[in-house]
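The values are calculated or read from the model by the stated rules, or taken from the named source; none is laboratory data. Please read all numbers here as calculations on a predicted model, not as lab measurements. Methodologically, a virtual Cβ is constructed for each residue, glycine included, from the backbone with ideal geometry; neighbour enumeration extends over all protein chains shown.
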Amino acid sequence: MKKAFLLAFFFISASSFSQSKKEQIEILTNRVDSLNRVVGEERSSNQNKIIEINSIVTKLEGQIAALSGNLTTLNKELQDSKDVILKKQKEIVENQIEISRLQSALKIKSDSLDLIRDISMELESQKVDTLFWEMDNLTWNQVEFKLKLVLPFNKFEKPEGNLLFSKDRKIKITTDYNYTDWFDQEEGIPLFYNDQDAIDYYSKDLINLEIYENMGFVIKGKNTQNELVIIKGIYNEEISMQGRDEGEPNWLWSNTIILKATVNDMHIQEYNLISDFLIDYFSDDSIEHLF
């Protein structure tokens, strides 16, 4: 009986133990499954976070690249702006230098005009007569002429031949005359078939040349003695069909007369004075025909 009881207890205990183990296994299995689910959820969540982080990183890298591009563009624009500023500063300096030069030239011109105005006032107040510069055996348009020039007597001496001095001896004026025709030329006399021939001839020994037109041709420069020179010349020519109805007209002859003033480069005001005077007052009107 006792053995039977013990055996029955053993079976009951074994059965109870077996049932307990099973329950424990189920519990553990459920816990493992639950843990696996948690781990899976965590992994899934972490994977999504990694994907989200990678997306954010990619977006940030794109923004960084865009900002780097903008920075490069801004640096280039900054350098371009600096170059423009440097160029403008250089232009400002050059313009200031040019303004200073023009102001200086304007001052010289203004002083010269003041001297001319003073002479004009003297001419008006003293009623200076026309001064004739007599020249023999010369023709203009095939007619004998003499040079007519209004000069203040208190500034210039009476001309002698082709030479005229200012009373202070600072200004010397000479004349030259050329007549060129299509034949019968004297040996050694230059031939002027156009005004450029005359300009080339009278400017050949000068340096620092300035040549332009103003009621005739004007030549400015320096001679070999380093003196300032102003030459005002008048050129005219005659061409004719010579009675023909067809064909090109023939060149017949030319007349050229010049006034040449020479001034020491120390006397720039006197040079500007006589330059402006010759340019403005020596013209075709200065040629007076005798017949």
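Of all residues in the range 229-273, how many are farther than 19 Å from Ile207 by Cα and among the aliphatic types (A, V, I, L, M)? Going through the range 229-273 one residue at a time, the tally reaches 6. Going by what's in this entry, would Leu147 be described as touching a residue at least 40 places away in the same chain (Cβ under 8 Å), part of a strand (DSSP E or B), out of contact with any His (no Cβ under 8 Å at 6 or more places or on another chain) and closer than 15 Å to Leu259 by Cβ? So Leu147 passes the test. Taking the numbered list (1) of a type in the set (Lys, Arg); (2) under 37 Å from the mean Cα position of the chain (by Cα); (3) surrounded by fewer than 16 Cβ atoms within 10 Å (Cβ to Cβ) in turn, Arg169 passes all entries but (2).
Quickly run through the range 170-197 and pick out the residues that are modelled with pLDDT under 90 and closer than 19 Å to Gln225 by Cα. Matches in the range 170-197: none. Among the residues examined, Val57 does not qualify as modelled with pLDDT under 80 and not hydroxyl-bearing (Ser, Thr, Tyr).
Summed over the range 171-211, the residues that are free of Cβ contacts under 8 Å to residues at least 24 places away in the same chain and in a loop (DSSP other than H, G, I, E, B) give a count of 12.
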